[in-house]
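Worksheet: the structure to be examined is printed underneath.
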């Protein structure tokens, strides 16, 4: 079979990894822009460690901490202006998926004077600035993917761009930075990572290599179910979840996602349901929908999770996520229609119609 | 735990991958030197495919086909001169481990006017030329490692150099090119790949990520034992072996090797035993020596190979490799002493003395 493999990111994993590897920073230049949100970089401790390492390395930097949750094109445009004005040599993204994804857009816009909508052309005159990614959640995997998922208000959804040059060149992964996540964020991001592994594993685009990463990630989730359910999230669990989320990123770097993400984007855009939670609500019906088309792989997933059937998986999601949000007919139709327009829908292992999308949504949410 | 992960190579895998991806070549420049040996590039068909792709892309090239088996510093020096004189923008290595490793040295020497012995300083004023690697055997894994293993006649052994910049930037992996291997070469290189996975898995330097690759590689070897034993090596087997060898490379890119390679180098240097065969002869006693120190992992290896104990593994090696070569006392002492000087020896999971080395050699070979 024919496939590609590429993870262009060098990963440095472990407690204290920034301080211990600060000499890495100098390789990328003398002026950096830190791209982050209002809080997580600070409360996680990552910003302090990075600032200290930059100071000790004699690297000038400025902080752009205006990244919103689910950043819009308008938001990253502003970041690009800041980076251009500062004359940045490289970009450091700190945070969850939103700041990390935004940092990729900022890296492009800092050196390309284009309308942010043209990010989706995926071809740029000037090579994006090098990106260093520092996750403070364990779900996105953005630190090892080229993808930047931005909110398109013009299309009322989220959509990703990215090419070989938007892979972060370096990722610092220190599980201490994820200790500041609340229980809900921990659960939601873990489920996001699981959905990356699962969707990639069952995708039409799965490869032998992406399957290796996917199985490992799914097994790690299985190993940590008890910790998640009982809210006993010690440091070893944090390290496993961070590692799992990186593996999930390595999966989708090759496969992309499918209909869980495609449907989930609407739940986030219109109903403000956190991304990972949205995926978790949909996953049981996603398995049911695809079971006949991917029996062997779904059985393998259940085995790696130590579960006897899809029902048991659904019960776990119920336990972790509680009651699903309400949805009415009008929303069902709109969300299904928008999901049909996502390119990733075509990679689902079983062909999906708009009616299928409506059915999955209806079964997954609290339909009224 | 703290560790690094980096595979800086983009891999394109599958039948026809060069022809289908020839646009990749243009990214590296307008003038290429093909570094290869006398025969395998031609008989494998790889040289024809590369030449056609280069011609169609308007890339000028020359061929340096003087790479010896187990290339020496003198040999790569010559290659470096050819590449410098040609004004190469990039290097294409085609072949087994010898040409691929040599291509890395040529890429450095083409742009650094240094004595080849200074390759071992691992720090170069000018960045090595980009390297494209095209394996025609399935053992070395060199296409996804930064290592270049060269013969040091001054030290009567083989020794490796390599840094982040000597990772091939691109690997074309087409199992058709491995069909021209003889049965012996197929077996020897498969065992070489297995030894990479096994040594990395048990190494002090093993990481969670390298272990993922190692287990996958070992399981693939297990799946193909019957094909190897019965010499029924169809195309699917070739693809699995090539994939396995890449995974083995991804393991040692992070862990390096240990005493199997350290001892094996002498068997190759002084007794002309092919590299993979040398490793295979030593592997049973390597397991016995390390069993108490790495019980859980060696049991896992045996399980992945579907074997009940180390004896069964030894019997398989006997079947695949036949009678071991003779060795006398003088050789034992010399080989053990040289292996003690290899840096990789310190990464063996159990501390090794010179007497231990002698014991392993004596039990592995036909001592007289």
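What to note about this one:
- Our summary gives chain A a relative contact order of 16 percent, counting only alpha carbon pairs under 8 angstrom and 6 or more residues apart.
- Measuring nothing but how far apart in sequence close Cα pairs (under 8 Å, 6+ apart) lie, relative to its length, region B:1-81 scores a relative contact order of 33 percent.
- Largest to smallest principal axis extent of the C-alpha atoms in chain A, angstrom: 57, 43, 42
- Anisotropy class of region B:1-148 from Cα gyration tensor, a/c 1.5 cut: rounded
- For chain B, the longest principal axis of the alpha carbon atoms and the long axis of helix B:295-304 meet at an angle near 60°.
- With the label put 7 angstrom out from Cα along the Cα-to-Cβ vector, residue A:58 ends up 4.4 nm from the copy partners, going from closest to farthest.
- For residue A:15, inter-copy separations between label points set 7 Å beyond Cα along the Cβ vector come to 5.2 nm, shortest first.
- Degrees separating the helix B:73-86 axis from the principal Cα axis of chain B, which is the longest one: 20
- The GNM of chain B, with springs linking C-alpha atoms under 10 angstrom apart, assigns the highest mean-square fluctuation among B:85, B:110, B:171 to B:85.
- Separation between Cα centres of region A:22-46 and region B:3-67, rounded to whole Å: 38
- Shortest-first distances to equivalent copies, position residue A:152, nm, label 7 Å out along Cβ: 5.7
- Once the Cα atoms are used to define both axes, helix A:46-56 deviates from the longest principal axis of chain A by about 20 degrees.
- Largest GNM mean-square fluctuation among A:177, A:286, A:333, using chain A with Cα springs under 10 Å: A:333.
- Among A:128, A:208, A:146, residue whose mean-square fluctuation peaks in a GNM of chain A (springs only between Cα atoms under 10 Å): A:208
- A compact globular protein would have a Cα radius of gyration near 2.2 N^0.38 Å; the ratio found for the protein assembly as shown is 0.97.
- Counting beta carbons within 10 Å around each of B:235, A:147, A:359, A:265 and listing the fewest first gives the order B:235, A:359, A:147, A:265.
- Among A:25, A:302, the ranking by other beta carbons within 10 Å of each residue's beta carbon, starting with the fewest, stands as A:302, A:25.
- Residues B:285, A:311 in ascending order of nearby Cβ atoms (within 10 Å, fewest first): A:311, B:285.
- Summary value for region A:179-301: 36 percent relative contact order, contacts being C-alpha pairs under 8 angstrom separated by 6+ residues.
- With Cα atoms defining each centre, region A:313-345 and region A:79-131 are spaced 31 Å apart in the structure.
- Using the rule -39500 (n - 2.57) for each DSSP H run of four or more residues, divided by the residues of the protein assembly as shown, the 222 nm mean residue ellipticity is -15500 deg cm²/dmol.
- Bridges between two residues of chain A, per DSSP, are antiparallel at a rate of about 15%.
- Of all DSSP bridge pairs formed entirely within the protein assembly as shown, close to 25 percent run antiparallel.
- Looking at region B:10-178 alone, DSSP beta bridges between its own residues are antiparallel in about 20 percent of cases.
The numbers here are math on the coordinates, done by the rules we state, and not lab data. Since we're looking at a predicted model, the values are computed, not measured. Note: ideal-geometry Cβ built from the backbone for every residue, glycine included; neighbour counts use all protein chains shown.
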